[in-house]
Every structure is written in C-alpha cells, then in structure tokens.
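Quick note: the coordinates plus some simple rules give every number you see, no bench work behind them. All of these numbers come straight from a predicted model, not from anything done at the bench.
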Amino acid sequence: MRVQRPDLAYLALIVGSIIVLLGLSFINYRYAVTNTSFRDQFTPRWLGTRLFLTAQIDPYSVEATRTIQQQMLGRFAVQGEDQQLFLYPFYSLALYTPFSLIGDNLIARAAWMTLLEVGLLGLAIISMNVARWRPPWPVALGFIAFAFTWYHGARPLLTSNIAILAAFAIGVCLWGIRHRHDGLAGVALGLASVKPQMVVLLLPLIFIWALSRRRWSIPISATIVLLVLLLGSLYFSPDWYILNLQQIGSYQVYAPPGSLPAIISAQMNLFGNVFAWIISIVFALILLREWLLVLGKDEDWFLWVAALTLVITNMIGIRTATENYVALLPVIALVYANWEQRLQGTGRILIVFVTLLLLVGLWALFFFSNSPGEPVSERLLMYFPVPILLFFSLYWVRWWVTQSRNLPTGSLQAIRRL
C-alpha cells in the first residue's frame with residue numbers, strides 16, 4: 001500500500017510553480033525585447049521610481065520626465081507627442097520599488113509582467129467565486145484562458161499596465177465583502193486606489209453601503225490604508241499631489257478623449273457636447289437611484305449594484321482607458337452565473353457564444369480599424385462595446401429576476417424585492 005506524502009506533494013507544487021514562473025518570465029523577456037506594437041506603460045514608472053530612490057529626483061519633475069523620454073525615445077518628446085509622464089499617485093512607487101532595484105529595464109519589465117499574469121489569474125478565479133459561479137472545470141479553465149486572451153485582459157498585460165493589480169485588488173475587496181472578511185475588503189479597496197479613476201465611484205458606494213449595514217470594519221480599514229498611503233507620500237514629497245495634478249492637466253492636452261461622453265463630444269461637433277452631458281447626467285441619475293435602493297440591503301443586492309457601478313464608471317465621463325476594463329471581469333462572471341442558472345443548457349450556449357464574440361470580435365475590431373501600412377494603434381471605437389453590452393446584460397438579468405413568478409435562488413435573489 002502506497003503512503004501519500006503531503007510534504008512531497010507541496011514541494012512538487014512549489015517547484016512546479018517556480019518553474020512555471022521562470023518560464024513565463026523568459027517569455028515575457030523575449031516579448032519585452034521584440035515588442036513594437038503596444039505602448040510600454042511600465043518604463044516611465046520604473047525609471048521614475050528608480051530616479052527617486054537612487055538620485056532623489058522627484059518622479060513628477062521636468063528632469064525626471066526628460067530622463068524618461070531619453071530612455072524611451074532617445075530624444076526629448078515634441079509637442080503633441082506622448083510626453084511619457086509618471087502620472088500615477090506618489091504611493092504607487094511602493095509597487096514599483098522592488099522592480100526599480102533591477103538595473104536592466106527589460107528584465108525588470110519581464111518580472112513585472114509575470115506579477116501581472118499572477119494577478120490576472122487571481123482575478124479570474126476570484127471573479128467566479130464572487131459570482132458564486134461553479135461551472136464544470138473545462139468551462140472554468142476556458143474562463144481563465146479568456147481572462148488572459150480577450151482584448152481587455154491581454155492589452156493591459158502587453159502594455160504592462162498597473163490596472164491589472166488595481167482590478168485584482170477590487171476583486172479581493174468584493175470577495176471580502178461577499179465572505180464577510182471586512183478588514184481585508186477595506187485594505188484591498190484602499191490599495192486599489194493606486195489607479196484612482198478605477199475606484200472613484202466604487203469607493204463611495206462601498207462606504208455608504210457598509211455604513212448602512214453597520215459593517216464598520218470596511219470603511220475604517222480602507223480609511224486607515226488611504227491615510228497611511230497619503231501621509232507617507234506627503235512625508236517623502238510634500239507637494240506631490242500638486243505636481244501630479246499638473247501632470248494630469250498636461251496629459252489632457254495631448255491625450256485622445258478618454259471616456260464615452262468625451263469621444264461622442266469630439267466626434268459629433270456641434271451637438272456632441274450637449275449629447276455628452278445628457279449621457280453623463282442620465283447615467284449619474286441611474287447610479288444615484290441604485291445607490292439609494294441598495295442602502296441596508298444584503299451582499300447579493302450590493303454586488304449587483306457594485307457591478308453596475310464598475311460598468312458606469314467607464315460610461316459617465318470620467319477619464320478612463322480600455323486597460324481599466326479588465327476590472328469588468330467580475331461583472332462578466334456575474335452575468336454568466338445568472339445566465340447559466342436561469343437558462344441552464346441554453347445559458348451555457350449563450351455563454352460560449354458571448355465569450356467567442358468578445359474574444360474574436362474585439363480583436364477583429366482592433367486590427368480592422370487600423371489602416372494598412374500604418375502603425376498599429378488603438379482606435380476610440382474600442383471604448384464602446386463592452387460597457388454597453390454589460391450595462392444591458394445586467395439589467396436583463398435583473399429583469400429576469402423581477403419578472404419571475406417563482407422565488408429565484410442564487411446570487412441575485414435579493415434583487416427580487418426591487
């Protein structure tokens with residue numbers, strides 16, 4: 001009779017994981033060496049952090065910006081060109097510090113991409129758990145593969161964007177709320193602020209809902225984390241927030257429109273600005289209504305409103321980027337879970353169809369919207385499909401629940417009382 005050795009199994013798991021991570025790092029290194037298609041969003045933050053740690057040069061300073069431009073372009077950026085600004089909150093240096101200690105930019109970027117891949121894997125798994133979606137393992141593996149290969153998952157990975165880590169923190173926050181690990185949820189929410197525009201609406205929603213439910217640990221722990229990050233930043237750079245706002249203002253000058261209303265305003269000329277304001281006001285009113293209704297309600301109801309808030313964050317006029325759409329993965333899992341629960345076999349077919357549509361359709365839209373012979377770049381059209389699809393899918397799910405004659409079970413049964 002063979003005796004099982006758990007210690008050997010754990011050792012094999014650890015060794016296997018190390019081998020996989022090293023293999024990923026090597027692949028990432030080869031990509032970093034050869035990449036010419038996707039903008040490198042790691043180097044400005046890596047070098048900005050490195051300059052601060054080694055030469056005490058403020059990452060928002062003109063000197064740092066020019067050093068970054070020389071590193072990335074071999075010259076100073078001209079007017080209207082991407083200025084390669086640091087842009088992120090000062091406390092984001094904490095995330096980049098371990099990688100800034102690596103002198104070789106390509107090796108540092110490869111290691112950073114490996115961290116992003118681990119974060120993306122964690123986000124996919126957490127998304128299914130938050131949605132209480134327990135598909136057969138082939139479907140679960142397919143969803144994880146989708147997380148890496150759909151446009152809004154692959155793009156932040158290929159550009160080395162910190163949005164994946166912010167999205168992972170959002171996922172951990174929602175998981176903590178679902179399973180009543182409130183301290184963890186608050187800490188994760190505070191850390192997700194490393195990309196403020198991704199939580200600018202979610203954070204106040206969580207605060208007011210948690211207070212209405214007397215779950216004090218969530219806002220208290222989030223506030224403590226935010227205070228530590230902000231006060232620590234002020235200690236090392238007293239005027240960082242002013243310099244950061246100045247960089248954001250400079251970025252607005254040369255960057256393309258970064259939200260659905262802004263894109264519509266830019267494209268429709270005379271009536272575009274009015275139409276954009278109407279869109280923003282309508283979505284704001286929708287969100288206000290849902291926030292008022294969710295006060296005092298349980299986690300199931302809250303998670304639906306949180307999903308809606310994540311979607312509307314990218315539709316209401318707040319500057320965003322398609323890399324930030326990776327945070328919508330929990331929303332997709334929530335929609336899929338309810339399709340499968342409600343429609344069963346038909347729901348699984350619908351899940352496969354929509355997954356393929358998102359996977360193939362978004363990449364096709366990206367490549368075919370580029371003219372032959374021109375450098376591959378993202379067109380503004382990429383901002384539209386996913387938020388619009390998920391917005392209507394969430395309300396479709398809610399309509400199913402509210403119209404059902406039988407009391408529904410599962411993750412959205414609380415919405416039956418709307």
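Quick look at the numbers
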read-out: Helix-only [θ]222 nm of the chain, DSSP H runs n ≥ 4, -39500 (n - 2.57) each, per residue, nearest 500; value: -23000 deg cm²/dmol
read-out: As computed over the chain, the Cα convex hull volume per residue (Å³); value: 184
read-out: Rounded, prolate or oblate (a/c below 1.5 giving rounded, otherwise prolate when a/b exceeds b/c) for region 24-121 by Cα gyration tensor; value: oblate
read-out: Kirkwood Rh in Å, taken over all unlike Cα pairs in region 273-376; value: 16.4
read-out: Distance from region 118-134 to region 352-370 (C-alpha centre basis), Å; value: 22
read-out: Gyration tensor verdict on region 138-182 (Cα atoms; rounded if a/c is under 1.5, prolate if a/b is larger than b/c, oblate otherwise); value: oblate
read-out: Distant alpha-carbon pairs in region 143-249 (separation over 25 angstrom), percent; value: 31
read-out: Between region 175-228 and region 48-93, the Cα center-to-center distance that results, in Å; value: 31
read-out: Inter-centroid distance (Cα atoms) of region 22-44 relative to region 274-336, Å; value: 33
read-out: Under the span-like rule (Cα at least 24 Å along the axis, Kyte-Doolittle mean at least 0.0), DSSP H helices of the chain; value: 6-34, 105-130, 217-236, 272-294, 345-368, 385-403
read-out: Highest-MSF residue in the chain out of Trp175, Trp363, Trp46 [GNM, Cα springs under 10 Å]; value: Trp363
read-out: Relative compactness, region 64-110, computed as alpha-carbon Rg over 2.2 N^0.38 Å; value: 1.28
read-out: Measure of compaction for region 251-300 (Cα Rg per 2.2 N^0.38 Å); value: 1.59
